[in-house]
Amino acid sequence: MKIYDFDAVVIGTGCAGYNSADWLYDLGVKNIAIVTEAVNAGTSRNTGSDKQTYYKMSLAGDAGDSVRAMAETLFSGGAMDGDVAMCEAAGSVKSFLKLANLGVRFPTNEYGEYVGYKTDHDPYCRATSIGPYTSKKMTEVLEDEVKRKGIRVLDRAQAIRILTDGGCVTGLLCLDRSSVDKVEYIAIRTPYVILATGGPAAIYHDSVYPVSHTGNSSLALMAGASFSNLSEWQYGLASTKFRWNVSGTYQQVLPRYISVDENGNEREFLREFFENDREMLKNIFLKGYEWPFDVRKIYGSSYIDLLVYRESVILGRRVFMDFTREPSGLENGFESLDEVSYTYLKNSGALIAMPIERLRKMNPGAISLYADHGIDITAEPLEIAVCAQHNNGGIRIDSNWQTSVKGLYCAGEAAGSLGIFRPGGSALNSCQVGSMRAAEHIASVACNRVSDRFDAVLESAVAEADEIIGKTRADKSTLRNMRDRYAKRMSRAFAFLRDIPVMEDAMREIGDDLASFERDNRWEKVTEISALFKNLDIIRMQGAVAESMLYAAKNYGSRGSAYVLECGDFMQREPVAENEGGRGVAIVFDGEKVSSVPVKPLPERDLWFESVWAKYREKWDGK
């Protein structure tokens, strides 16, 4: 077994992971490493939208934006700690300009202002973008910095246990995925771990997460960390053949929505449920701005999500967005459009026939993106479904992004930093600010150390891993089938539609599957052991998420992307009303039970320069 010694270790090679390592190095913590299952996997590098948004404090125009104003916007989404909101706002410009200086070409006007646009839940024009691949470019420039500085990357090392002693981090145990004929481990002695593995993506079947992204949040669960707001997710319309959000321009060009039954019969199904063509077209257009399913908009743009779900899941039909034909109401021109939709298309020079031509005019990259993945939307309809897209909750962190386990930090989507609602693109800001804050804390004031009992802790973790591997060896693998079964149940019972009796039944099934894991999950080849531990991570995180969702549904009703029913057909029944008292609490899962914890208010901070300067010197002079 290989054993390494590092002053800090980062798990994950997305935006948050690379940024953590880069900041650690620049702040003087240079004996570090990044651990990753696969360098080129993950959401940051492999996902986006029509115009992937980065949310930051306004740096253009005449509106009087400020750190406090941005913090208030983030905090107003509910269930978010005020100190975290303040940190995300205060670190916004610093993090954004770092990316711009590294080569992410966010657009400026002729005077150098970083112009922006409004995104969902955004009172200012704080959003910006470089197109469909914003996070991909962010990842690439940060990776280049890590390479330039010679920071070590341990590729094909799958973390399977964070080693702790007395509630403190003391190391990491990894499966060596480069070994194909026998089980090999990699052990690391380190007092600090930054977990940047993204959200628990693999728990869902209907998902817009790239297949290469599975997450690994149960590492924190098994280390004893608490979780926050695991019930709060975003769901929305996405293509299924190639996983991608169909937001923004894809909707604003007004595609035709069709479903096809098992006999090949085609229907433009939205028209049957809206009062007239004008209402249908208006809500298709709004779906571009309002992409995430929002229970407050079920009689508006989010009605489309419900109807797509009805056609695909309940009626068993395939659903498509067709850009090659006009939707009902536009066959003879644009007179059916409402004023907002008409004005937008007019100002964009897109009052032209056919959705595909409007898309070509407004966002040609949205066409070439699919062409790059073998899908020609100029000639064929695009199959879609309602999919899981982002977990606003995650591992509970403080204002330094440290978890309840000393020495364990979490950044990016794996961190439970966001609330019920959030401005579009704020997740990218959160991952950059959070990874910076974690690195700053480690470099300045953190004081953990490797335990004197490291060898005993490691020996126990290896014995536990060996036991799981030994008990699950078989002549035929069941891993793929079990993962598929787990994920389909989660999409059925714990996605945006949450029927409480169905959830309760599924919760019991998850408990049974966790108890019978070693009997049900079998590997045949050594190379499948990686998938064995992934399945274990999936079922553990499904249990944590399901517990949190059931608690939230019973106590706080429908909110955010959760449409809660007490039982019955969602087309015939109203959702359970929201208990708005839940806006002021975080839903915390401590590994055994779920509870409500009041969120921290927005802090009153010290802005007197001399006193702030003195505290700042004291913080850094000792390092």
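The values are calculated or read from the model by the stated rules, or taken from the named source; none is laboratory data. Predicted model, so just to flag it, every value in this text is computed and none were measured. Cβ coordinates were reconstructed from backbone atoms using ideal geometry, including for glycine residues, and neighbour counts include every protein chain displayed. Just so you know, the surface numbers come from the protein's heavy atoms only, side chains and all, with ligands and any DNA or RNA stripped out. Shrake-Rupley method; radii C 1.70, N 1.55, O 1.52, S 1.80 Å.
Structure notes:
- Annotation: of all residues in the range 142-173 being β-branched (Val, Ile, Thr) and open to solvent by less than 10 Å² (accessible area, probe 1.4 Å), the one that is farthest from the chain's Cα centre (by Cα) is THR170.
- Only one of the numbered conditions (1) without any contact (Cβ under 8 Å) to a residue 60 or more places away in the chain; (2) in contact with a Leu (Cβ under 8 Å, 6 or more places away or on another chain); (3) part of a helix (DSSP H, G or I) is not met by GLY300, and that is (3).
- Filtering the range 282-325 to residues that are open to solvent by less than 20 Å² (accessible area, probe 1.4 Å) and farther than 20 Å from THR119 by Cα leaves LEU306, LEU307, VAL308, GLU311, VAL319, MET321, ASP322, PHE323.
- Of the residues in the range 234-246, none is without any contact (Cβ under 8 Å) to a residue 12 or more places away in the chain and assigned to a loop (DSSP other than H, G, I, E, B).
- The residue of the range 10-46 that is modelled with the lowest pLDDT, among those that are among the hydroxyl-bearing types (Ser, Thr, Tyr) and crowded, with 24+ Cβ neighbours inside 10 Å, is THR43.
- Residue that is nearest to GLY131 (Cα to Cα), among those in the range 314-347 that are among the small types (Gly, Ala, Ser) and touching a residue at least 24 places away in the same chain (Cβ under 8 Å): SER341
- Residue match in the range 341-349 (condition: in contact with a Gly (Cβ under 9 Å, 6 or more places away or on another chain), modelled with pLDDT of 95 or more, among the aliphatic types (A, V, I, L, M) and under 20 Å from PRO327 (Cβ atoms)): no
- Which numbered condition LYS623 fails, given (1) loosely packed, with under 13 Cβ neighbours inside 10 Å; (2) at pLDDT 95 or above: (2)
- Considering the conditions (1) on the phi > 0 side of the Ramachandran plot; (2) open to solvent by 40 Å² or more (accessible area, probe 1.4 Å); (3) small (Gly, Ala, Ser), GLY581 is excluded by exactly one of them, (1).
- Residues of the range 1-45 classified as part of a loop (DSSP other than H, G, I, E, B), of a type in the set (D, E, K, R) and closer than 23 Å to LEU102 by Cα, total: 1
- The set of residues in the range 164-214 being closer than 23 Å to GLY224 by Cβ and out of contact with any helix residue (DSSP H, G or I) (no Cβ under 8 Å at 6 or more places or on another chain) consists of GLY166, GLY167, CYS168, LEU172, CYS174, ILE186, ILE188, THR190, PRO191, VAL193.
- Looking across the range 397-411 at every residue that is open to solvent by 10 Å² or more (accessible area, probe 1.4 Å) and not basic (Lys, Arg), the one that is nearest to LEU497 (Cα to Cα) is identified as ILE397.
- Only one of GLY374, GLY394, GLY365 that is open to solvent by less than 30 Å² (accessible area, probe 1.4 Å) and at pLDDT 95 or above: GLY394
- Among all positions in the range 208-216, there is no residue which is open to solvent by less than 20 Å² (accessible area, probe 1.4 Å), touching a Leu at 6+ places or on another chain (Cβ under 8 Å), of a type in the set (Gly, Ala, Ser) and closer than 30 Å to SER92 by Cα.
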